[in-house]
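The values are calculated or read from the model by the stated rules, or taken from the named source; none is laboratory data. In this text the structure is predicted, and so the values were computed from the model without any measurement. When we count neighbours, we look across all protein chains shown, and the Cβ atoms used for this are built from the backbone with ideal geometry, even at glycine.
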Amino acid sequence: MPAARILTIEDDDTTAAEIVRDLAARGFEVERTGDGAEGLRLASTGRYDVITLDRMLPGVDGLTIASTLKDKGIDTPILMISALNDVDERVRGLRAGGDDYLTKPFVLDEMAARIEVLLRRRRADADRLLLRYADLELDLVAHAARRGGRDLRLFPKEVKLLEMFMRNSEQILTRSMIFETVWGYSFDPGTNLIDVHIRALRKKLEAPGLPLLLHTVRGVGYRLGAEA
């Protein structure tokens, strides 16, 4: 597994040097800037696994950086670091977009432990958004699916259908369950919406030489799984 990438935005050279040295010794890849505007530019690339963010910075302060990243949809976990330790300041930091808050002075072991917690949480979130079954993969962030190394071009409703099947693989899903989950309202026995979408999805999942994954259970519903 590649080393986690940490962006440290800290204007105090002594504190920054200690953070960078400690994290590098623990095997992290660390990049540091002491300027708020440059920190925001780097953080906006989304290429980091965790950001350590000083609350008080020249130019653009930590709260502005956190809230701007949140507005942009950048979900990199943020550990806010500040000498301001009263409850109101911690609340402001977390509401602005921080995921955790550490007050100065701090112990480097505690900082590293908090970063590791944020990394575990991020990996768990990524696992929930990348679904796999057999040779089938669904990326819920990119709305992209692949089977056997082949890209599948799915429409939005097909993505929602496939997500439901993959989260409930090997289980029989009734037409009523599918309709209410994917379309969001009570099942209408007279509609053929499910049949049309299932047929289209199954056609995209199938390929010569690959086993059938999406099965019809007559009189009941559908199941994603191996042949019964």
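For every residue, the table says whether it meets (1) of a type in the set (D, E, K, R); (2) surrounded by 13 or more Cβ atoms within 10 Å (Cβ to Cβ); (3) touching a helix residue (DSSP H, G or I) at 6+ places or on another chain (Cβ under 8 Å); (4) closer than 15 Å to residue 6 by Cα.
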site	(1), (2), (3), (4)
70	yes, yes, yes, no
89	yes, yes, no, no
94	no, yes, no, no
97	no, yes, yes, no
106	no, yes, no, no
109	yes, no, no, no
Between 90, 132, 55, 122, which is more than 30 Å from residue 198 (Cα to Cα), under 17 Å from the mean Cα position of the chain (by Cα) and among the charged types (D, E, K, R)?
122
Pairs with Cβ under 9 Å, 6+ apart, first in region 53-70 and assigned by TED's automatic domain parsing to the domain that holds residue 94 and assigned to a loop (DSSP other than H, G, I, E, B), second hydroxyl-bearing (Ser, Thr, Tyr) and surrounded by fewer than 23 Cβ atoms within 10 Å (Cβ to Cβ)
55/82; 55/101; 56/82; 57/64; 60/68
Would you tally the residues in region 179-209 being in a helix (DSSP H, G or I) and modelled with pLDDT under 90?
8
Residue check, residue 3 against (1) more than 21 Å from residue 116 (Cα to Cα); (2) touching an Asp or Glu at 6+ places or on another chain (Cβ under 8 Å); (3) surrounded by fewer than 21 Cβ atoms within 10 Å (Cβ to Cβ), all met but one. Which one?
(1)
Those residues that are among the hydrophobic types (A, V, I, L, M, F, W, C) and not in a helix (DSSP H, G or I), I need them from region 77-130; list them, please.
78, 79, 80, 81, 83, 84, 102, 106, 107, 130
Please verify whether region 207-222 includes one or more residues that are touching a His at 6+ places or on another chain (Cβ under 8 Å) and surrounded by fewer than 18 Cβ atoms within 10 Å (Cβ to Cβ).
no
Among the residues of region 133-171, write down those that are surrounded by 13 or more Cβ atoms within 10 Å (Cβ to Cβ), assigned to a strand (DSSP E or B), touching a residue at least 12 places away in the same chain (Cβ under 8 Å) and not hydrophobic (A, V, I, L, M, F, W, C).
133, 147
Pairs where the first residue, in region 85-111, is under 18 Å from residue 121 (Cα atoms) and at pLDDT 85 or above and the second is part of a loop (DSSP other than H, G, I, E, B) and of a type outside the set (Lys, Arg), C-beta under 8 Å, 6+ apart
99/77; 100/77
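Find the residue count for region 16-33, including only residues that are in contact with a Ser or Thr (Cβ under 9 Å, 6 or more places away or on another chain) and farther than 14 Å from residue 80 by Cα.
6
Hey, among 21, 41, 47, 32, which residue is surrounded by fewer than 22 Cβ atoms within 10 Å (Cβ to Cβ), assigned to a loop (DSSP other than H, G, I, E, B) and at negative phi?
Result of the check over 21, 41, 47, 32: 47.
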Just the residues that are in contact with a helix residue (DSSP H, G or I) (Cβ under 6 Å, 6 or more places away or on another chain) and at positive phi, please, taken from region 119-178.
143
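Take the conditions under 16 Å from residue 109 (Cα atoms), part of a strand (DSSP E or B) and in the same structural domain as residue 114 (by TED's automatic domain parsing) and apply them to residue 15. Does it pass?
Criteria not met by residue 15.
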